[in-house]
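Step one of this worksheet: look at the structure below.
The values are calculated or read from the model by the stated rules, or taken from the named source; none is laboratory data. Because the structure is a prediction, the values reported are computed rather than measured. When we count neighbours, we look across all protein chains shown, and the Cβ atoms used for this are built from the backbone with ideal geometry, even at glycine. These area figures cover heavy atoms from the full protein model, side chains too; ligands, DNA and RNA do not enter into them. Shrake-Rupley method; radii C 1.70, N 1.55, O 1.52, S 1.80 Å.
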Amino acid sequence: MTSAPQSSRLDPEIAARLKRSADGLVPAIAQQYDTGEVLMLGWMDDEALHRTLTTGRCTYWSRSRREYWVKGDTSGHFQHVKSVALDCDADTVLVKVDQIGAACHTGARTCFDADVLLKEEPVDASLLKEGADSSTAVSDQ
């Protein structure tokens, strides 16, 4: 089992809102704050989130090493936190960062460049319905 430690200094009001996995973790998406580029996904427990919120540097829980790690401490590729938000279900954290260097452990800028499953194709404007409102949201619920 890869459970994270249970003790934390996270604000109890924030902790009460989080929906964690069976291992006590929430996925944390790191996104470049000024471009919107999705950089990586890591895992946080309450203490990692507390450290991220209070130090201004992303702290994650390593499921394989079973220890905390601060992005950049060994690689020099720092993530300086600009904002932190919970999604609407409180089961995912979005951390907007200023990424210094590569975000991926492979040395790539982002973890999502190497294995593209579906490439975005340019939209042919002539195929769009005249008067269609592209801002209309489609609900999947």
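Pairs under 6 Å by beta carbon, first residue touching a residue at least 40 places away in the same chain (Cβ under 8 Å) in region 17-41, partner open to solvent by 40 Å² or more (accessible area, probe 1.4 Å) and among the basic types (K, R), six or more apart or different chains? Listed by first residue and then by second, the contacts come to V26/R20; Q31/K96; Y33/K82; Y33/K96. Restricting region 67-93 to residues that are among the β-branched types (V, I, T) and either on the phi > 0 side of the Ramachandran plot or touching a residue at least 40 places away in the same chain (Cβ under 8 Å) (or both), the residue that is most open to solvent (accessible area, probe 1.4 Å) is T92.
Does K96 satisfy the condition of being at pLDDT 95 or above and open to solvent by 60 Å² or more (accessible area, probe 1.4 Å)? Full working, then the answer.
Details: at pLDDT 95 or above: yes; open to solvent by 60 Å² or more (accessible area, probe 1.4 Å): yes.
It is true that K96 is at pLDDT 95 or above and open to solvent by 60 Å² or more (accessible area, probe 1.4 Å).
So which residues in region 29-59 are over 18 Å from R109 (Cβ atoms) and open to solvent by less than 70 Å² (accessible area, probe 1.4 Å)? Give the derivation first.
Taking region 29-59 as the starting set, the residues that turn out to be over 18 Å from R109 (Cβ atoms) are 43-57, 59.
Matches in region 29-59: W43, M44, D45, D46, E47, A48, L49, H50, T52, G56, R57, T59.
What number of residues within region 19-28 are within 15 Å of the chain's Cα centre (by Cα) and either among the aromatic types (F, W, Y) or open to solvent by less than 70 Å² (accessible area, probe 1.4 Å) (or both)? Matching residues across region 19-28 total 4.
Residues that are under 26 Å from H50 (Cβ atoms) and either part of a strand (DSSP E or B) or open to solvent by 60 Å² or more (accessible area, probe 1.4 Å) (or both) within region 99-110 comprise Q99, I100, H105, listed in sequence order.
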